[in-house]
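Below is one structure, written out as structure tokens; comments come after it.
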Amino acid sequence: MNIKRICIGVFFSTTLYIQAQPNTDVYVFDLNIKNNKVELSNPKNISNNDGYDNQPSFLNDTSVLFSSTRSDQTDIRLFNIEAGSISSWISDTPTGSEYSPLKIPNKNAVSAIRLDLDGLQRLYQYDIKTGNSKPILKNQKVGYHVWYNEHILVTTVLIENRMDLVVSNLKDKTNYTFQKNVGRSLSKIPNTDLVSFISKEENSWQIKSLNPITGAIKNIVNTYGKSEDICWLKDGSILTGDGKSILRINPNSDVQWEQIQYFKEDEINNITRIAISENSKRLAFVAEESPAKIVQKQLDAYNARDIDAFMATYTDNITLINFPNKELFQGQQKMRASYASYFDATPDLNCEIKNRIVIGNKVIDEEYITANGQNFSAVAIYEVENGKIAKVTFIQ
């Protein structure tokens, strides 16, 4: 094989959470609405952790719950915004991991999805002080949930390759399915008795409302493209994230989504999992690390000839292309086999960056390569999706 094709360091479920998880961080901003304009200020990276940090929700107006990785598992972390940026851990589950923590109404407890090592996925309750847990719904594979009140839950339940919208009454132990094929975002709509959800029945996704008592469903507005994470302001407007932007729409008065914030910072990309405090004075969201940082990780692993760290930066269906459209590899298995033997046989392997351009999710690198006593330059284009390199195009 041509050595230039193999120097990638040069350039550019059946179970809900089992997919490879990108490195993500949780950010919190102060939020102010003045003259109908949303202003974000005082940003904080409250996770600041090399790993998966996701699904923030507000325990109260000053504390945020989220899932955070430590010691190869994901536990519930609690961050106090005002008390000297102090964080603590609510759960410690060696046999599983917790996701999507939420405050349970009128209890000193939170609920979260537990994914056990044996693949069992269920909704549990955790005592905030002790971390003691017990199952809430034993017979449903819950993906996401929101509390309507202390005994009624609106959930998305995994059925085959989709999620269905289910209302569970913990008092009378009933479960009713109201719609099939829904998204992950569930929110209580301020000043109403309704819950919003994302309908994926049509090609254009829709934000809809559900009355969990009567079962009535109504259309509200289309999502912004395929952005399915939303939160509600008290004035009835909706916020969502897309790429490096926050957008807003008021379904009662606006005809289209409006960008209210664009983040130039390299560390904020692919904004998802957006949440707002009850007093509407703080906003939290999840952002992926910069595509340039992901590409740099694979370059460092390439130079170290660390095949595991190198392959960890790629998606399962990674595709390598020789410009303009000749496919070299597709999939981790073929790529790993080729690069593992190459790393073993090339002790002098090294790539040095000469130029780097970042355009959206694409990273274009020009590098100077040393391998098997030879030196040459090469160019490659990396395309990053969901925190992993999904495609590389080599230009010779």
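Pairs from the table (188/226; 171/234; 200/326; 129/171; 171/281; 354/391) lying more than 27 angstrom apart at Cα are 171/234; 200/326; 171/281.
Only one residue of 227, 394, 295 has its Cα farthest out toward the positive end of the dipole of the chain, where Lys and Arg carry +1 and Asp and Glu -1 on Cβ, and that residue is 227. Classify region 230-278 as rounded, prolate or oblate, taking a ≥ b ≥ c as the square roots of the eigenvalues of its Cα gyration tensor: rounded when a/c is under 1.5, otherwise prolate if a/b is larger than b/c and oblate if not. Oblate. Remark: relative contact order (region 86-217) = 13 percent; criterion is Cα-Cα distance under 8 angstrom and separation of 6 or more residues.
Across all directions, the shadow cast by the convex hull of region 310-396 built on its C-alpha atoms averages 5.8 square nanometres. Magnitude of the charge dipole for region 295-396, about its Cα centre and with charges confined to Cβ atoms of Lys, Arg (+1) and Asp, Glu (-1), is about 220 debye. Amide H contacts of residue 260: 246, 247, 248, each under 5 Å away and 5 or more positions distant or on a separate chain (H built 1.01 Å from N in the peptide plane; Pro and chain starts excluded). Separation of region 317-395 and region 38-82, taken as the distance between their Cα centroids, equals 34 angstrom. How large, in Å, is region 128-208 by the Kirkwood hydrodynamic radius built from its alpha-carbon pairs? Kirkwood radius, region 128-208: 13.6 Å.
How would region 110-262 be classified by its alpha-carbon gyration tensor: rounded, prolate or oblate, with rounded meaning a/c under 1.5 and the a/b versus b/c comparison settling the rest? It is prolate, given that a/c is not under 1.5 and a/b is the larger ratio.
In this rough spin-label picture, where each label sits 7 Å from Cα along the Cβ direction, the residue 306-residue 62 distance is 4.0 nm. Kirkwood radius for region 121-175, taken over all pairs of different Cα atoms as the inverse mean of 1/r, rounds to 11.8 Å.
Helix content alone sets the calculated 222 nm mean residue ellipticity of the chain: runs of n ≥ 4 DSSP H residues at -39500 (n - 2.57) each, divided across all residues, give -2500 deg cm²/dmol. When the Debye formula is applied to the Cα atoms of region 46-153, each taken as the same point scatterer, what base-10 log of I(q)/I(0) results at q = 0.14, 0.20, 0.21 Å⁻¹? Evaluating at q = 0.14, 0.20, 0.21 Å⁻¹ gives log10 I(q)/I(0) of -0.50, -1.04, -1.14.
Pairwise Cα separations in region 243-371 fall into 10 Å bins from 0 onward with the following percentages, short to long: 10, 29, 29, 16, 11, 4, 0.
Over all distinct Cα pairs, what is the inverse of the mean 1/r for the chain, reported as the Kirkwood hydrodynamic radius in Å?
On the way: mean 1/r = 0.0441 Å⁻¹.
Hydrodynamic radius (Kirkwood, Cα only) of the chain equals 22.7 Å.
The largest-to-smallest principal axis extents of the Cα set in region 291-351 are 30, 27, 21 Å.
Residues whose amide H lies under 5 Å from that of residue 269, counting only those 5 or more places away or on a different chain, are 288; hydrogens are built 1.01 Å from N in the peptide plane.
Comparing Cα centroids, region 200-253 and region 269-288 end up 15 angstrom apart.
None of the figures in this text is laboratory data; all of them are computed from the coordinates on show. Worth saying up front: this structure is predicted, and the values here are computed from it rather than measured. Don't worry about glycine lacking a Cβ; one is built from the backbone with ideal geometry, like all the others, and counts go over all protein chains shown.
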